[in-house]
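Read through the structure below, which is laid out as structure tokens, and then see the notes.
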Amino acid sequence: MSVLHWCVGWDRCCGTGVRMRLLLGILVAFGCVALTATAGVSVLVGIAEQRHADRAYVVGFVPGAGCDDGHELYLRTRDGAVLDCVTAGLLGSRRVNLPGFTEEQEEQVEELVEDLGGDGLSVAEQAEVQGLVDRLVAQLPPEQRLYGEYEVWGSGRIWRGVRMALAGVIGLVVVFWLIARSGTRHG
């Protein structure tokens, strides 16, 4: 006699078919819980990816030396200098470095910033720099853009996670309904 049978007393109250259905129901319930947990992580990762992608090609113009919220390129407004906004411990290049851009495209942006930024970047000049970046992004093939090599990212990952969570919850409801129904039929 196994420990599970002894603890629950299944050998006296239920037939083998009921025990197998119950065990299968428990396994499916664990699978549904795991699916729902994985879906939650997928949604959180998708939100982070989408936030990053939404800001990747927006130039961050800052008055001082600080970087605030996840842009790929920061320019100081008082002199047009490219700021090194990298994680502590990594070496910055003080160059324009945008995802998917070729060296020529990055040099175009640098040259425009140098031409305009000698005496500071006015609001109109900031718009001109952002316009050039936007035009260059529009020319990028989708696979060269940020996250372009991934089949699912950002909002796609969010919706996939929502569908997974929905499937997990529906699976749990069905399993518990079947277990309850089975118990009332054999009880």
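The values are calculated or read from the model by the stated rules, or taken from the named source; none is laboratory data. Note that the coordinates shown come from a computational prediction; the quantities given were computed from them, not determined experimentally. Here Cβ is always computed from backbone atoms with ideal geometry, including for glycine, and neighbour counts include all displayed protein chains. To get the accessible areas, we keep the full protein, side chains included, count just its heavy atoms, and leave off ligands, DNA and RNA. Shrake-Rupley method; radii C 1.70, N 1.55, O 1.52, S 1.80 Å.
Numbers for the structure displayed
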quantity: Selection count, region 53-64, where residues are in a helix (DSSP H, G or I) and open to solvent by 60 Å² or more (accessible area, probe 1.4 Å); calculated: 2
quantity: Hits in region 137-166 - residues which are over 16 Å from ASP54 (Cα atoms), open to solvent by less than 90 Å² (accessible area, probe 1.4 Å) and assigned to a helix (DSSP H, G or I); calculated: GLY161, VAL162, MET164, ALA165
quantity: Pair list, Cβ under 8 Å, 6 or more apart: region 29-46 residue assigned to a helix (DSSP H, G or I), other residue of a type in the set (Ser, Thr, Tyr) and surrounded by 13 or more Cβ atoms within 10 Å (Cβ to Cβ); calculated: GLY46/SER155
quantity: Of residues in region 65-116 being of a type in the set (Ser, Thr, Tyr) and open to solvent by 60 Å² or more (accessible area, probe 1.4 Å), the one modelled with the lowest pLDDT; calculated: THR87
